[in-house]
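Each reported figure results from applying straightforward, stated rules to the coordinates on display, with no laboratory input. Note that the coordinates shown come from a computational prediction; the quantities given were computed from them, not determined experimentally. Neighbour counts are summed over all protein chains in view; Cβ atoms, including those assigned to glycine, are modelled from backbone coordinates with ideal geometry.
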Amino acid sequence: MSYTVAIVLSLVGYFLIGHWAGRRVKHLDDYLVAGRNAPTFLILGTLVASYLSTSAFLGETGFAYAGYPFVMLIFAAISTSGCLLGALAFGRYLRRSEALTVPEFFGKRFASRRVQRIAGLTTVIGLGAYLLGVMQGAGIMFEELTGLPYWLGLLLVWLTFTGFILYSGSPGVVLTDTVMFVIFSLAAVGGSLYIITDLGGWQGVIGGLLAQTDKPGIALWHGMLQGDDAAFATPGEAATWGITLGLVWAAVLAASPWQSSRYLMARNEHVVMRSAMLTAVALAIFYALMMLTGAAINLYTPTLDAERSMVWAALNVLPMWLGMVILTGVFAAGLSSCSTFLSIIGFSIANDILPASRSGAAAMRTSRIAVLVSGLVTLVLALFQPPAVMAVVWFAATLFASSWGPVALMSIWSRRITAAGAAWGLSVGFLGNLLLSLALQAEWLTLPVYLHPVVVSTVAALVAIVIASRLTQVSQAEREYLASLHQPGETPAPSTESGTRGIAIVTMLAGVAIGAFLWLQYADTLAGYAADYGLSRSATLGAYALALGCGAMLLVAGAVGYRVAGVHGSARLAAAQGNA
């Protein structure tokens, strides 16, 4: 009963916060991009909350429980680099465009309403699938915690986030996202530290995982390689999967609509860079703690349904108050993602697909209608589609890596990509990934681990962009717009630059700290048990390499951020474009 009360009160609280934020909405800019005045902490909160959903707490932690905590760390170390890549190579230029949505930016960049509509359609279809997955995760959480029907949980969740989006738009989403970010961050850290301490600290957990026989290899960097449930047959396959999917999700973090659109709300470009670096730090800490925690739950019981392992631990291992915090935190993560995705879908339908409204009031009304209709459609699908949280979410996210990733980066850094190239790149990358994924799901074909559908479709998208761009000409409008994006902006105050460089130093120090922590607590511990359990030299060397890699990614990200903090534009590219 206490969990039911906590969940219901949290829903009421988020609705009230969103309603309060809506009082400031006066114009279309306020509704769609929060008046372009959000500070670093709010952008940080919405970036992390948009990325971490029930898929991270249930699906990815469940994958760690199933036998692959350190493969997930390989994935995370690479994927979080996309935060800074997105901010520096795409996000800050997106902020300069002052577009209302990312598809609108593509339309302005290529002087093409057709490109804008294609980007809008991919947004609606891809994020619709993503929204379906996280809504189902929230419904599962509600059912597990309250004992009430799954359909009732879906309905209450839908009413909550749809209610405040209809009224407050982006300000409500950003504010509630940040509140939820604080709650589930405290929940993740508190729950993880309790479980790890309860099992004897890192040494106790690593030793216990090495001693258990249900999932052999779970404590090694490559995870479980034996048994019918093994996801990989060799260490090479495990490494290839972690690296490949890490690069894919780096592209997702860099260019996907639910991440990059957050930068449109930032107060300035330095807010974009600061929030991106802090997001990388927050995600690195989250994965380092939560993946080991997911694996550690095996030491209580190894036979759970993987995606429900964290829920079981919260209900059966943690003290009630802490279990309540972590479960309401997981629930908040799902709710924040739902609100973000639905708002972007509705805004894109109204702004990018339907004919443009003549007045701001009419555009706001159209956006609200689009939010309501798309939310209803997703609710109906969630009620009748069997839940598969991680599978649906990962499938939907990779659609944007193969379609938006190449076009987004080339729209800023290529002088040769044309409107036709962008349109074909978006279409081929999206449809190619979709069709290949469906064919694999239906078992019509099989692909090796290094030829994931997103890899094949990304290459196909790049080929389509090159061919279409060579067959067409870059227009004068495209040249001028790209040149305007690379014009040096207004020089910020010295205190602004020094603040951004301070965040970059914090990011570098976090990289050193995380690398040292994994080196001492994981790699050294594993090496200490090597003789007792007959571990190979490659197993211990792999652990040290993992520690170095996880720390190095943040160290490099901080160093790049420090360097770019003083760069105000690319005058050379702007001049070259203007004279082309």
Q.
Could you give each residue of the stretch 530-536 its phi-based ³J(HN,Hα) in whole Hz, using Karplus coefficients 6.51, -1.76, 1.60 with θ = phi - 60°, and x for Gly or Pro?
A. 4, 5, 5, 10, x, 6, 6
**Q.** Projected label distance in nm at Arg113 and Arg24, using a 7 Å step from Cα toward the beta-carbon
**A.** 3.4 nm
Q.
Checking a compactness column here: for the stretch 136-233, what do you get for Rg(Cα) / (2.2 N^0.38 Å), N being the number of residues?
A. 1.58
(Q) Please compute the modelled spin-label separation between Gln212 and Leu354, points set 7 Å along Cα→Cβ, answer in nm with one decimal. (A) 5.2 nm
**Q.** Neighbour-count order for Glu60, Glu497, fewest beta carbons within 10 angstrom listed first
**A.** Glu497, Glu60
Q. Counting other C-beta atoms within 10 Å, which of Lys215, Lys26 has the fewest, and how do the rest follow?
A. Lys26, Lys215
Q | Protection proxy ranking of 200-210, 169-179 - average other beta-carbon atoms within 10 Å, highest first | A | 169-179, 200-210
Q. Along the charge dipole of the chain, Cβ charges K/R +1 and D/E -1, which of Ala362, Val373, Tyr150 sits furthest on the positive end?
A. Ala362
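Expressed as a whole percent, how much of the Cα-Cα distance distribution for the stretch 159-284 exceeds 17 Å?
On the way: 5857 of 7875 pairs.
Of all Cα-Cα distances in the stretch 159-284, 74 percent exceed 17 Å.
Would you kindly state how much longer the chain becomes between Leu9 and Arg415 on full extension, computed as 0.36 nm times their sequence separation minus their alpha carbon distance, in nm to one decimal?
Values: separation 406, 0.36 × 406 = 146.16 nm, distance 5.29 nm.
Result: 140.9 nm gained on full extension.
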Q) Among 279-288, 32-41, what's the highest-first ranking by average C-beta atoms within 10 angstrom per residue? A) 279-288, 32-41
Q. So, in nm, how far is label Val182 from label Trp312 when the simple model puts each one 7 Å beyond its Cα toward the Cβ?
A. 3.4 nm
**Q.** Label point at Ser495 placed 7 Å out along Cα→Cβ; residues across the stretch 244-287 whose backbone nitrogen lies under 20 Å
**A.** 267-275
Q | Glu144, Glu104, Glu98 arranged by Cβ crowding within 10 Å, fewest neighbours leading | A | Glu98, Glu144, Glu104
Q | Angle in degrees between helix 170-198 and the longest Cα principal axis of the chain, rounded to the nearest 10 | A | 20 degrees
Q. Relative to the first principal axis of the alpha-carbon coordinates of the chain, what is the inclination of helix 320-348, with its axis defined by its Cα atoms, in degrees from 0 to 90 and to the nearest 10?
A. 20 degrees
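Using alpha-carbon pairs under 8 Å, 6+ residues apart, how would you state the relative contact order of the chain in percent?
Values: 1019 pairs, mean separation 149.9, N = 580.
It rounds to 26 percent for the chain.
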